[in-house]
Structures are given as structure tokens and as C-alpha cells.
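The structure appears below as C-alpha cells.
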Amino acid sequence: MKVAVNISKIDGELYAPSSKSYTHRAITVASLSDECVVHRPLISADTLATIRACEAFGAGIERKDDRLIINGIKGKPAVPENVIDVANSGTTLRFMTAVAALTDGVTVLTGDSSIRTRPNQPLLDVLGRLGVEAFSTRDNGCAPLVVRGGLKGAITTIDGSISSQFISALLIACPLTTKSTTLSIKGEMKSRPYVDVTTEILEAAGCEILLEETNNIKFIIPANQKYNLKDYKVPGDFSSASYILAAAAVTGSTVAVKNMFPSKQGDIVIIEVLKRMGADVSWDKVKGIIRVTGNGLKGTTFDAGATPDLVPTIAVLAACADGVTVIENAEHVRYKETDRLHAMALELTKMGITVKEEPDQLTITGGALRGANLHGWHDHRIVMALSIAGMVAGDTTIDTIESVEISYPNFFEEMQSIGADFKIF
Ligand SMILES: O=C(O)C1=C[C@@H](OP(=O)(O)O)[C@@H](O)[C@H](O)C1
Ligand SMILES: C=C(OP(=O)(O)O)C(=O)O
């Protein structure tokens, strides 16, 4: 499917979708608990993959209105009857690889053509050191993955520079083993706020994990724990909201986004970035409302280490700003649904913007965007970000737009409802 985008202004308010990251964790931890109700989960292609996988491990999951009623497996997943297909979801693949390590048998995990190119070797290696036979069928660290359960605690290290999801996955599985684990992080821990979201939910489930931070980060994970997640309400998603907020900022419009309460999401930093670039932004944290008025933007420097998912949004803000923006410390952004540094560099160049692509950064010189026929790379964040750029350029088409199903299924309809000139064809 494609969208044709014309020059648009927007006006009004939207309710941000629920957080994808919190939803994945709530479903996984609830499935490893006894009985739990997850309120306001995000229902999207990625979170449905997590639901299916947890069901394959034995959890009962029923959808009722805006709740998931979960009958959990009390820390002991069954051996799945079939291969687990995570579709396009990296979070599901990494989390379920660790859950598979808790079974008494063999699990095979695979997914779509994008997921089968994404790296997992650091997670497979650590699982190997924790007593689990875990390997890639093609010996390249990518799915299909095979995991023979038998997880035991130990003292080990993991490289933090590729994906925090390996660390989150281990933090979810290791408390359920019979021997404690010490996990030290080698190098910078990229995407750290996502690990904080994991430990927050684990804490809500009554799990204890100790964090030591001296020269490097170390998690001490006591063994023989039980999860007891009860009623859990999923907060709004700041990564999804970033497209709405950016749309107002680049088109000189005003919008309000509701369901934006403080949480551990690193992508909250979008508020600071918009302010720094010159937008008028206010955040009522009690009412959970962010208001943005676009006012002309100027370039900035953005360190993407903690918040890789904001890169497509910020690349579009940069393209519409006066002067130069440097998005740095972003190598891990290449390991997503697609290589997002390369995709954004290529597509913004088609719109007449000068972009310098280096291994771990983009340097973007803002300018007049011109309409173009763009490729969405089958990647929800690329599609949504380019749609915002199209609202400034006009006369733009973007393909592979069905990918918004991954994190924000109603993106186009909701943006149309506040004035975005999007025509789906
Ligand atoms: O744990 C999570 O929910 C996520 C972690 C991040 O990935 P990395 O840790 O691989 O950077 C982020 O990009 C992804 O969208 C969601
Ligand atoms: C990279 C993403 O998710 P995942 O890693 O779960 O595929 C994303 O939502 O941008």
C-alpha cells in the first residue's frame, strides 16, 4: 500500500497509542506470573507476536475490551508444539529466546525476512555460558534460532553495544532459575532506558534485581524468584507520539497529545529536542498532555545512544530546520527493521536534502524539501517519519505503508482526523 501526501497543517488533539515496549514486557512477565490483567495494551502486529509466543509457551491470553486477561505459567514455560514465528518483532525474538531457555526441551524461533537479518549472537553466547544450547541454524547469529532449555545462573558478561534487548531478555529469564546470575555489561550499554523499563516491570512483579554501577554496569540477579504481576496499566508511547509532535513542529501547526504521563521511556527526550530546536512545547505531567506549536526550527546535535527509535523523527526535524544537525552515536540504529541511518539518508536525499552518512552518524543540512516518490523500507518508523516530511514537501508518495501495523496501526486515520492530507492507495 502507498500514501500520497500533500502540504498540510494540523490542528487538534490526539490520544497517543499505548507503549509497545511496556506492552511486550507486561504480556511476557504476566505470562510468567499466575493471573494478571493488563489494561490498555497496545494491540499491534508486534505485540500480537508476543501474545502468540506466550500462548505457545502455555499461557492463556484472552482479549476483553481494552484488557488482556492472562492466565500465566508460573515461571515454567512448556515446550512449544510448533516453531515460534515472531514475524517482524525484534523484542519478541530476543525475549522469547530467553524464555525458551527456561523450558525442558527444544524451541525453534524464526520470523520474517527482516528479522532473519538481525543480530542475536551476543545473546546466544551468554545463554551458552548459562548452560543452554542456543544457536543460529545458519551460524550467523540470525534467526532461525534453536534453543535447548536448561538455563542455570552464573557470572558472565555481555556486550552492550548492539541491543539492550539481549540484556532485558536475560533479566526476565534469569530470576526464574535455581542459581543466581551476575551479568556485567561490556562497553556502553546502548538503549539503556529500555532496560530500565524492564526492571520497572519486574519490580512491579515483585522481582528483585540489584544494579551496581562503578566502572561498568553490573546486574546481580538472585535465583528462585516468582513473578506476581497483577493489574498492570500500560502508559502512552512517546516514540509513536514523536511523529505527531514533529508534524506540528515542521508544519508550523499546533497539536495536543494526550496520554503522555511521565514514565521510564527514554523517548520522552523528544520534548527537550523539540524545545532545543525552537518549537514551543509545554507538558502538563499531571494531565498527561503535551502541546507543541511549530515556530521555525534550527539545527542541533543529538546523541542517539539511549534513544535509537527517535532517529527517523529527528532526521525529518533536521531536514526542516535551519542549519546543520548531527545525529551521533547511532551505529545501533542500523540493526533495526532496516538500516535506518542508510534509509533516512537515502530518502531525504531524494527530497533534495544534503545528508552525510558515516558509520555511526548522520549530518543533515536543513533545506527546502521537494516532493518525491519515496520508499518506506517496510519499516513503520521510516514510513511515519517520511509522511511527516511529505506534509512539508507536498506531492510525495511513500510505499510499504502497511508497516505502521507494527507499532501504530491507526497512524494515518488519526493524522487525517487532525488535518493531514494523506490519501491511501
Ligand atoms: O526493548 C525494547 O522494547 C526496545 C529496545 C530498543 O532496541 P535496542 O535495544 O535493540 O536498541 C528499541 O530500538 C526497540 O524499538 C524497542
Ligand atoms: C526496533 C523496533 O522494534 P523491535 O526491535 O522490537 O523490532 C522498533 O519498534 O523501532
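Take region 175-201 and flag every residue that is in contact (Cβ under 8 Å) with a residue 60 or more places away in the chain and either within 14 Å of A101 (Cα to Cα) or away from ligand 2 (no atom under 14 Å from the Cβ) (or both).
Scanning region 175-201 gives L176, T177, E188, R192, D196, E200, I201.
With respect to T97, determine if the residue is touching a residue at least 24 places away in the same chain (Cβ under 8 Å) and under 15 Å from Y335 (Cβ atoms).
When the stated conditions are applied, T97 does not pass them.
In region 371-402, how many residues are on the phi < 0 side of the Ramachandran plot, surrounded by fewer than 17 Cβ atoms within 10 Å (Cβ to Cβ) and not charged (D, E, K, R)?
Within region 371-402, residues that are on the phi < 0 side of the Ramachandran plot, surrounded by fewer than 17 Cβ atoms within 10 Å (Cβ to Cβ) and not charged (D, E, K, R) number 1.
Taking into account only those residues within region 133-154 that are of a type outside the set (G, A, S) and within 20 Å of L202 (Cβ to Cβ), which is surrounded by the most Cβ atoms within 10 Å (Cβ to Cβ)?
In this case the residue turns out to be L151.
Any idea which of E200, E208 is surrounded by fewer than 18 Cβ atoms within 10 Å (Cβ to Cβ) and either in a loop (DSSP other than H, G, I, E, B) or touching a Leu at 6+ places or on another chain (Cβ under 6 Å) (or both)?
So the residue among E200, E208 that is surrounded by fewer than 18 Cβ atoms within 10 Å (Cβ to Cβ) and either in a loop (DSSP other than H, G, I, E, B) or touching a Leu at 6+ places or on another chain (Cβ under 6 Å) (or both) is E208.
Hey, among the residues in region 364-382 that are of a type in the set (A, V, I, L, M) and over 22 Å from S163 (Cβ atoms), which one's farthest from ligand 1 (Cβ to nearest atom)?
A368
Go through region 249-304 and report how many residues are of a type in the set (K, R), closer than 15 Å to P235 by Cα and surrounded by fewer than 16 Cβ atoms within 10 Å (Cβ to Cβ).
Number satisfying all stated conditions: 2.
So if I check each of A368, A319, which one is under 17 Å from V250 (Cβ atoms) and either touching a residue at least 40 places away in the same chain (Cβ under 8 Å) or crowded, with 22+ Cβ neighbours inside 10 Å (or both)?
A319 is the lone residue from the list that is under 17 Å from V250 (Cβ atoms) and either touching a residue at least 40 places away in the same chain (Cβ under 8 Å) or crowded, with 22+ Cβ neighbours inside 10 Å (or both).
Among the residues of region 338-352, is there at least one that is of a type in the set (K, R), surrounded by 24 or more Cβ atoms within 10 Å (Cβ to Cβ) and under 20 Å from A246 (Cα atoms)?
Within region 338-352, one or more residues are of a type in the set (K, R), surrounded by 24 or more Cβ atoms within 10 Å (Cβ to Cβ) and under 20 Å from A246 (Cα atoms).
Given (1) of a type outside the set (V, I, T); (2) in a loop (DSSP other than H, G, I, E, B); (3) under 17 Å from T251 (Cα atoms), identify the lone condition not met by F422.
Of (1) of a type outside the set (V, I, T); (2) in a loop (DSSP other than H, G, I, E, B); (3) under 17 Å from T251 (Cα atoms), only one is false for F422: (2).
No value in this document is a laboratory result; all are computed from the given coordinates. The shown structure was predicted, so the numbers you read here are calculated from the model rather than taken from an experiment. Heads up, the Cβs are rebuilt from the backbone with ideal geometry, glycines too, and the neighbour counts pull from every protein chain shown.
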